[in-house]
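Reviewing the structure listed below.
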Amino acid sequence: MNSSQPAGTSTGGLLTARVAPFLTLPVQPKLQVGSVDDPLEREADMTADRVMAGVPVSGPLSRIAPPANGHLIRRDAPAAQPVNEEERREFEAMRADFFRAAGERMSEDILGSAGFAEGPGGTHARPTNPDEALRVTTRWGVTRDILIAGVPKLSASIQGRVAAGSHGSDTLAARQQSLIDAMTSAGQQAYQDAIARVRGEPFWRNHLDTTTIFIFPDLSGANRYAGYTQEGTERSPDGTISKAFVIHISKDALEAGNLDSVVANLIHELSHTLDVGNVIAPSLDPFLNELAELLADHPDIQALRQGAADADEARQTHVKRIKQILYEHTGYGEKEVFAHLQQLTHQPSVTVDGTQVSGSRYILSTVEGYVRALQRIGIRPRTLSNILDALGRRTDMLYDRRIAATPQGSTARQRLVREKELARLTLSVARDLAQEELDATV
Ligand SMILES: [Zn+2]
């Protein structure tokens with residue numbers, strides 16, 4: 001996404017609000033064996049899995065098989081069952097508790113690794129001014145210069161921030177059609193072909209048929225990302241409001257006939273519409289707010305809204321934008337790893353710095369890059385390792401659904417089974433490479 005991306009997209013802070021898809025994820029029973037030595041970590045890990053799997057919690061977590069010989073035979077995710085209102089509320093409350101506790105712990109880790117003093121109660125001093133906030137964010141790569149470059153100048157008498165998703169009386173469907181119509185005929189054909197290719201896989205066909213998803217071919221030029229997904233609501237003519245996703249893809253890529261890359265991007269973005277298990281972003285949300293509030297009052301940032309007509313509104317705009325930047329340097333990598341590992345099935349070779357790189361190599365190096373970014377956050381290695389394990393399980397889970405939707409005995413199904421293995425290995429190797437890199441710099 002770029003700086004013109006409206007606030008409140010799915011790459012923003014809305015992750016915690018994503019409840020519905022959570023509860024609709026069919027749950028697959030699975031058996032996992034993991035080494036366990038820290039009960040707190042184990043509890044957090046199990047809770048995370050259940051939260052991620054969208055398992056309604058109607059009993060104590062301790063019902064899960066107890067550890068034996070330092071190993072836990074884990075039988076999480078019992079068969080899906082209808083959820084009543086009370087269970088749903090309980091589940092939401094547990095989820096909130098889980099993220100609050102995880103967030104507190106992560107921010108403590110981060111403050112410790114950023115050198116903040118530990119107080120008598122075992123908690124660290126918090127940043128209290130913009131410079132101290134920068135001490136934290138600089139380790140994520142968010143320096144003063146990065147902030148200044150990324151925060152809009154609001155000094156002029158602005159205004160009219162365009163409300164996200166407001167297109168007058170335009171419906172999303174009409175908007176989609178007008179964007180299609182605005183393309184060259186080659187672009188329009190590529191758009192249809194790309195969607196047909198995605199629909200060629202039964203799982204995605206079914207997903208597109210059962211979820212309200214619009215695909216806007218409206219990105220052009222040098223976007224930092226080839227696509228992004230917004231989550232919002234749509235009001236139908238009879239007034240009912242339902243959940244809808246808008247996936248933005250590159251008009252330029254379509255018109256240039258880069259069908260393969262558009263298909264891979266579509267699989268990536270569609271995976272985001274199903275990605276419900278991120279841990280880092282919802283956990284760190286309060287901490288990022290705290291930092292963004294401090295950073296917005298850095299004199300160099302304040303200068304960017306000097307003389308703005310509505311000072312409070314301008315400040316809020318800056319806080320939001322800063323938070324988005326902080327997010328892009330922290331929890332964002334978690335969901336990107338997930339989407340890239342699904343995109344792997346359709347990833348064509350790409351040219352990087354004039355060199356042709358195979359699709360799987362490209363995904364490997366991209367995933368490695370994100371894992372390294374996650375390591376820089378400052379979460380303790382053990383916790384991050386658990387989070388990446390869970391991410392691997394979530395990856396498997398979506399592959400299993402894709403496989404299950406594909407006719408038994410078909411070549412397509414066999415290939416998906418192998419691609420699931422490839423995705424699993426890709427994550428393992430990326431983690432190894434990132435770890436080696438880390439060890440080498442210590
Ligand atoms: Zn993405």
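All of the numbers you see were taken from the coordinates with simple rules; none came from a lab. Owing to the predicted nature of the structure, the values given are computational and were not obtained by experimental measurement. In this analysis, Cβ positions are derived from the backbone assuming ideal geometry, glycine residues included, and neighbour counts consider all displayed protein chains.
Please compute the length gained on full extension between Leu425 and Asp209, using 0.36 nm multiplied by the number of residues separating them and subtracting their Cα-Cα distance. Don't skip to the end; give the middle numbers.
Working: separation 216, 0.36 × 216 = 77.76 nm, distance 3.12 nm.
So the chain would gain 74.6 nm between Leu425 and Asp209.
For Lys420, which aspartates and glutamates qualify as cross-link partners when the Cα separation must be under 12 Å and same-chain residues fewer than eight apart are set aside?
Lys420 reaches Asp396, Asp400.
If you take all C-alpha pairs in the stretch 287-352, what percent of them are over 16 Å apart? Please report the intermediate quantities before stating the final value.
Values: 1268 of 2145 pairs.
Here the long-distance tail beyond 16 Å is 59 percent of all Cα pairs in the stretch 287-352.
Out of all DSSP beta bridges in the stretch 204-251, what portion is antiparallel? Express it as a percent rounded to 5.
DSSP beta bridges in the stretch 204-251 are roughly 55 percent antiparallel.
Using a basic spin-label model with each label point 7 Å from the Cα along Cα→Cβ, how many nm lie between Ala101 and Val352?
3.9
Order by neighbour count: Ser360, Ser107, fewest other Cβ atoms within 10 Å first, most last.
On the way: Ser360 16, Ser107 23.
Lowest count first: Ser360, Ser107.
Apply the a/c threshold of 1.5 to the C-alpha gyration tensor of the stretch 327-442 and tell me whether it is rounded, prolate or oblate.
On the way: a/c = 2.31, a/b = 1.46, b/c = 1.58.
Since a/c reaches 1.5 but b/c is at least a/b, the shape of the stretch 327-442 is classed as oblate.
Report the local net charge at Gly187: Lys and Arg +1, Asp and Glu -1, summed over other residues whose C-beta lies under 14 Å from its C-beta. Don't jump to the answer; show the numbers that get you there.
Details: positive: Lys251; negative: Asp181, Asp193, Asp218, Asp252, Glu255.
Neighbourhood net charge equals -4.
Of the cross-linked pairs Lys251/Lys323; Lys153/Lys320; Lys243/Lys323, which ones have a Cα-Cα span greater than 23 Å in the structure shown?
Details: Lys251/Lys323 28 Å; Lys153/Lys320 14 Å; Lys243/Lys323 25 Å.
Too far apart for the 23 Å limit: Lys251/Lys323; Lys243/Lys323.
Using Cα pairs closer than 8 Å and at least 6 residues apart in sequence, work out the relative contact order for the stretch 92-161, in percent.
Numbers: 25 pairs, mean separation 12.4, N = 70.
Computed over the stretch 92-161, the figure is 18 percent.
With the radius of gyration and the Kirkwood radius both derived from the Cα set of the stretch 183-276, what is their ratio Rg to Rh?
Details: Rg = 13.5 Å, Rh = 13.7 Å.
Radius of gyration relative to Kirkwood radius: 0.98.
Below 8 Å, C-alpha to C-alpha, sequence gap of six or more: please give me the relative contact order for the stretch 215-314 in percent. Mind dumping the intermediate values first?
Numbers: 87 pairs, mean separation 21.0, N = 100.
It comes to 21 percent, rounded to a whole number.
May I ask for the Kirkwood hydrodynamic radius of the stretch 252-312, worked out over all distinct Cα pairs and given in angstroms to one decimal? Don't skip to the end; give the middle numbers.
Numbers: mean 1/r = 0.0634 Å⁻¹.
For the stretch 252-312, the Kirkwood estimate is 15.8 Å.
From the Cα gyration tensor of the stretch 256-374, with a ≥ b ≥ c the square roots of its eigenvalues, which class applies: rounded if a/c is under 1.5, or else prolate if a/b is larger than b/c, or else oblate? It would help to have the intermediate numbers written out before the result.
Working: a/c = 2.57, a/b = 2.05, b/c = 1.25.
It is prolate, given that a/c is not under 1.5 and a/b is the larger ratio.
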